[in-house]
1. Taking the Cα centre as origin and putting +1 on Lys and Arg beta-carbons and -1 on Asp and Glu beta-carbons, what dipole magnitude results for the chain, to the nearest 20 debye?
2. Could you pull out the chymotrypsin sites (Phe, Trp or Tyr not before Pro) across the range 144-243 that fall in loop regions by DSSP (anything but H, G, I, E, B) with no more than 11 other Cβ atoms inside 10 Å?
3. Within the range 57-136, which trypsin sites (Lys or Arg not before Pro) sit in a loop by DSSP and count at most 10 neighbouring Cβ atoms inside 10 Å?
4. Using only Cα atoms, find the angle between the long axis of helix 13-24 and the longest principal axis of the chain, and express it within 0 to 90 degrees, rounded to the nearest 10.
5. Counting C-alpha atoms alone, how compact is the range 59-130: give Rg to one decimal and Dmax as a whole number, in angstrom.
6. For every helix of n ≥ 4 consecutive DSSP H residues, a contribution of -39,500 (n - 2.57) applies; sum these over the chain, divide by its total residues, and give [θ] at 222 nm rounded to the nearest 500 deg cm²/dmol.
7. What residue among 54, 256, 229 has the largest mean-square fluctuation in a Gaussian network model of the chain, using Cα springs under 10 Å?
8. When the scattering of the range 1-64 is computed by the Debye formula from its Cα atoms alone, each counted once and equally, what is log10 I(q)/I(0) at q = 0.13, 0.14, 0.21, 0.27 Å⁻¹?
Amino acid sequence: MSGRAVVTGANGFIGSNLVASLVGGGWNVLAVDKVRCKGIPAESVVLDVRTPGGLLAFLDGETTLFHLAACADIRFSVQDPREDFDNNVKGLFEVLEAARQRGSRVLFASTASVFNASNPLPWVETALPRPMSPYAAGKLAGEAYCYAYHRCYGVDVRVARMFNVYGVGMTRFAIFDLIRKVQADPGRLEILGDGNQVRDFLYVEDAARGLEAVVTRGKPGEDYNLAFGAPVRLLDLARIVATLMGHPEIKLEPTGRSFPGDTPRWYADISKIRAIGFEPRVSLEEGLRLTISWMEANRGGDSP
């Protein structure tokens, strides 16, 4: 399946990769962001999705709206919950309203942060939700609105709950920080927390394929975990990164400190998305090699 797609948040890390993947797959894509898109292989428009009715001119009954526009920053949401709510919940509401009026399909990019940290691992889609941050609360509210619009108005909405996405083009988060720290000091590597945090890393090209799979082969009103499906301890990740960068003997130094809203351990059961034909293709080591190579090539700039 291919067709017409509108991608919000198209200038972001995952959004820009999704646009490229959809264009490569034959979709007719409109990239939407509140700042001018750069290097996007598709037509683009500058638009803040929070603007009431702003998306209506670009939607119809044959369009799929991939909603990725968000402020994906747990620490910022703790510092300024009002702005986080305005960005994330209000934006999603306007997306759903526009889709309801135009009969468009919606893919909502949610997060594993919505789950209760004490759920048994691996986390399944039916695990208990209990957010630990305003950001996660906003995403859970967004999911609830999606299900409500599906049940009340018949809007075709699907939810993709992403875990840890990384790869070429990223500008923050754990893997980015680890690589930058090794570049700055190959003798020691400071690690947030105690290093025993567990994450589930999915390469960004696989994430883009997974989002498309939910739209093309998933079911309306359903949610899907989007992850690699394998636990990775932060200490082990740090050692792999340092070794791939040529510093296997680097001294790992956990800080023992974390931040409010951080979830200590998670990884996904991806049986449900596998059942619709999705399978991760890029191994962690291969994805790290690609990311390290890209960051080394962009080492001289303030940001890659």
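The values are calculated or read from the model by the stated rules, or taken from the named source; none is laboratory data. No experiment lies behind these values; they were computed from the predicted model shown. Cβ placement follows ideal geometry from the backbone for every residue including glycine, while neighbour counts extend to all protein chains displayed. We work out accessible area using only protein heavy atoms, side chains counted, and drop any ligands, DNA or RNA first. Shrake-Rupley method; radii C 1.70, N 1.55, O 1.52, S 1.80 Å.
1. About 220 debye.
2. none
3. Taking the range 57-136 and a limit of 10 other Cβ atoms within 10 Å, no loop trypsin sites (Lys or Arg not before Pro) are found.
4. 60
5. Computed over the Cα atoms of the range 59-130, radius of gyration and Dmax are 14.9, 42 Å.
6. -12000 deg cm²/dmol, from helical runs alone.
7. It is 256.
8. With one equal scatterer per Cα and no solvent, log10 I(q)/I(0) is -0.30, -0.35, -0.78, -1.20.
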